[in-house]
Amino acid sequence: MSDQVVASTHHGRLAAVDTPRHLSAAASRLITVEVTLDDRRDWSGQLAELPDVCAVERDEDRWRLRTAAPASVISAVLDWSRARGLTINAINTVAPSLEEVFIHLTTGPDIEARVD
């Protein structure tokens, strides 16, 4: 991401002004841990119960776990899969896109506090 400064507005008022990198860091709960397993059963319910997981999305054999604590989630996923005899084919962390950061900054219950 560039070090240029960007501004985000909400109803004509500034919601944030910073570099894309800093804006992404501020939206840390949007970090995704992507896990691909060798087993296609629906593990969504169990994965959602792991510590520090905020949300779970499934796409065939890949699960996307939203979190503010990716290291904790990765550790929990490793323990969870080991206990079930599952093989992890891939595990990655994905930072939020600038679009996701914009949506985070311009929606939600605390938007008024951010733009005042």
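Read the figures in this text as sums done on the coordinates, not as results from a lab. If you're wondering where the values come from, they're calculated on a predicted model, not measured in any experiment. We place every Cβ from the backbone using ideal geometry, glycine too, and count neighbours over all the protein chains shown.
Each distinct pair of alpha carbons in the stretch 38-91 adds a 1/r term; the inverse of their mean, the Kirkwood radius, is 11.2 Å. Net charge in the neighbourhood of E34 (other residues with Cβ under 13 Å of its Cβ; Lys, Arg +1, Asp, Glu -1) is 0.
Net charge of the neighbourhood of D61, taken over other residues with C-beta under 14 Å away and scored Lys/Arg +1, Asp/Glu -1, is -2. Taking other Cβ atoms within 10 Å as a rough exposure proxy, T93, T67 sort from fewest to most as T93, T67. Taking the fewest neighbouring Cβ atoms within 10 Å as the starting point, the ordered list for L98, L78, L65 is L78, L98, L65.
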